[in-house]
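A.B. asks: Once you've had a glance at the structure underneath, I'll fire off some questions.
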Amino acid sequence: MTKHESQPIVRMQKLNKHFGSLHVLKNIDLEVVPGEVVVIIGASGSGKSTLIRCINGLEEFQDGHIVVDGHSLVPHGKSAKALQRIRTEVGMVFQQFNLFPHLSVRDNITLAPLKVRGLERAQATQSAERLLDRVGIRDQADKYPSQLSGGQQQRVALARALAMEPRLMLFDEPTSALDPEMIGEVLDAMRELAREGMTMIIVTHEMGFAREVADRVIYIHQGEIAEEAPPERIFDDPQDERTRGFLARVL
Ligand code: ADP
Ligand code: MG
């Protein structure tokens with residue numbers, strides 16, 4: 001089955017979100033199909049983080065509807081059961097790595113599989129080693145987060161999310177807190193994941209990476225989807241004046 005024949009794994013319909021008097025997301029419609037890589041770009045404060053945080057229930061919304069892998073989220077956070085399911089199926093990597101400082105790299109990765117998925121320790125450990133190998137830091141398993149570089153910590157965070165065998169991965173500016181020389185190693189790990197067919201929604205300012213890895217790029221302007229298109233089209237021939245203005249500032 002090709003990507004475009006599949007049922008969406010995320011379907012967001014007429015989503016509206018307010019923070020007090022601030023209307024931060026306006027009538028967002030978004031569908032993502034399995035295997036698709038969607039990159040979200042936009043100025044600081046335009047609502048990118050809020051949008052992806054709504055998908056795994058880190059933010060409530062006031063109006064609209066989100067279905068994630070068949071689980072339905074409704075306004076005002078009244079979806080406890082769906083949320084529980086969604087959080088085990090959706091992995092997230094943030095700008096700040098959010099590792100547990102008192103746990104070794106290995107224990108950071110095995111914690112959720114042991115507690116939430118009920119894996120046996122031997123199995124969880126084996127899987128953690130495999131994941132560390134996959135993100136290129138197999139030899140760091142016994143270290144603590146503070147002993148690793150930022151790029152290594154972010155790859156641990158990625159391995160930790162993957163340990164739950166997510167159906168969908170969300171990334172919120174995963175390289176924005178990294179020193180420039182470490183950005184490449186994290187993008188490489190994400191590129192590899194995309195190549196393996198993971199469904200991904202990525203907020204990033206790395207336009208070169210977006211162009212290369214995205215099936216579709218969404219430009220958000222003040223809480224609205226101003227334009228969405230394949231990367232060649234967004235970057236080489238943007239149709240919306242607001243997209244053109246943004247790209248002129250960042251490229
Ligand atoms: P982006 O990720 O595109 O920079 P955000 O989604 O973080 O944007 O924020 C969108 C808008 O919502 C900004 O104006 C921000 O200040 C505001 N905002 C974000 N989180 C909160 C919050 N918890 N309470 C109030 N306002 C918020
Ligand atoms: Mg943000």
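A.B. asks: Against the definition (at pLDDT below 95, out of contact with any Lys or Arg (no Cβ under 9 Å at 6 or more places or on another chain) and small (Gly, Ala, Ser)), how does ALA80 come out, yes or no? Give the steps one after another, and end with the answer.
C.D. replies: Values: at pLDDT below 95: yes; out of contact with any Lys or Arg (no Cβ under 9 Å at 6 or more places or on another chain): yes; small (Gly, Ala, Ser): yes.
So ALA80 passes the test.
A.B. asks: Continuing with this model, one more query. Criterion first (away from ligand 2 (no atom under 16 Å from the Cβ), in contact (Cβ under 8 Å) with a residue 12 or more places away in the chain and out of contact with any Pro (no Cβ under 8 Å at 6 or more places or on another chain)) does ARG53 satisfy it? Walk me through it before giving the result.
C.D. replies: Numbers: away from ligand 2 (no atom under 16 Å from the Cβ): no; in contact (Cβ under 8 Å) with a residue 12 or more places away in the chain: yes; out of contact with any Pro (no Cβ under 8 Å at 6 or more places or on another chain): yes.
No, not satisfied.
A.B. asks: Continuing with the same structure: So which of GLY45, GLY35, GLY20 is of a type outside the set (A, V, I, L, M, F, W, C) and either surrounded by 13 or more Cβ atoms within 10 Å (Cβ to Cβ) or touching a helix residue (DSSP H, G or I) at 6+ places or on another chain (Cβ under 8 Å) (or both)? Step through it out loud before you land on a result.
C.D. replies: Numbers: GLY45 fails: either surrounded by 13 or more Cβ atoms within 10 Å (Cβ to Cβ) or touching a helix residue (DSSP H, G or I) at 6+ places or on another chain (Cβ under 8 Å) (or both); GLY20 fails: either surrounded by 13 or more Cβ atoms within 10 Å (Cβ to Cβ) or touching a helix residue (DSSP H, G or I) at 6+ places or on another chain (Cβ under 8 Å) (or both).
The conditions single out GLY35.
A.B. asks: Checking SER149 against (1) crowded, with 18+ Cβ neighbours inside 10 Å; (2) free of Cβ contacts under 8 Å to residues at least 40 places away in the same chain; (3) of a type in the set (Ser, Thr, Tyr), which test does it fail?
C.D. replies: Of everything listed in (1) crowded, with 18+ Cβ neighbours inside 10 Å; (2) free of Cβ contacts under 8 Å to residues at least 40 places away in the same chain; (3) of a type in the set (Ser, Thr, Tyr), SER149 misses just condition (1).
A.B. asks: Scan (1) at pLDDT 95 or above; (2) away from ligand 1 (no atom under 16 Å from the Cβ); (3) polar (S, T, N, Q) for the single condition THR88 breaks and write down its number.
C.D. replies: (1)
A.B. asks: Among the listed residues GLN7, GLN96, GLN62, identify the single one that is within 16 Å of ligand 2 (Cβ to nearest atom) and in contact (Cβ under 8 Å) with a residue 24 or more places away in the chain.
C.D. replies: Testing whether each residue is within 16 Å of ligand 2 (Cβ to nearest atom) and in contact (Cβ under 8 Å) with a residue 24 or more places away in the chain leaves just GLN96.
A.B. asks: Take segment 194-251 and flag every residue that is of a type in the set (Gly, Ala, Ser), farther than 17 Å from GLU173 by Cα and either in a helix (DSSP H, G or I) or away from ligand 1 (no atom under 16 Å from the Cβ) (or both).
C.D. replies: Residues satisfying the conditions are GLY197, ALA229, GLY245, ALA248.
A.B. asks: Now a separate question. Touching a strand residue (DSSP E or B) at 6+ places or on another chain (Cβ under 6 Å) and assigned to a loop (DSSP other than H, G, I, E, B): does that describe MET169?
C.D. replies: Numbers: touching a strand residue (DSSP E or B) at 6+ places or on another chain (Cβ under 6 Å): yes; assigned to a loop (DSSP other than H, G, I, E, B): no.
For MET169, the condition - touching a strand residue (DSSP E or B) at 6+ places or on another chain (Cβ under 6 Å) and assigned to a loop (DSSP other than H, G, I, E, B) - is not met.
A.B. asks: With part of a loop (DSSP other than H, G, I, E, B), over 18 Å from the mean Cα position of the chain (by Cα), more than 12 Å from ligand 1 (Cβ to nearest atom) and of a type in the set (A, V, I, L, M) as the only criterion, which of LEU15, LEU103 stands out?
C.D. replies: Exactly one residue qualifies, and that residue is LEU103.
A.B. asks: If only one of GLY57, GLY91 is farther than 14 Å from MET200 by Cα and of a type outside the set (S, T, N, Q), which one is it?
C.D. replies: Answer to the selection: GLY57.
A.B. asks: Additional query: Sort through GLU31, GLU59 and tell me the only one that's closer than 23 Å to LEU162 by Cα, at pLDDT 95 or above and part of a strand (DSSP E or B).
C.D. replies: Just one listed residue meets the conditions, GLU31.
A.B. asks: For segment 150-193, enumerate the residues that are under 18 Å from GLU89 (Cβ atoms), of a type in the set (Asp, Glu) and more than 16 Å from ligand 1 (Cβ to nearest atom).
C.D. replies: GLU165
The values are calculated or read from the model by the stated rules, or taken from the named source; none is laboratory data. These numbers were taken from a predicted model, which means no experiment stands behind them. Glycine gets a Cβ as well: all are built from the backbone with ideal geometry, and neighbour counts include every protein chain shown.
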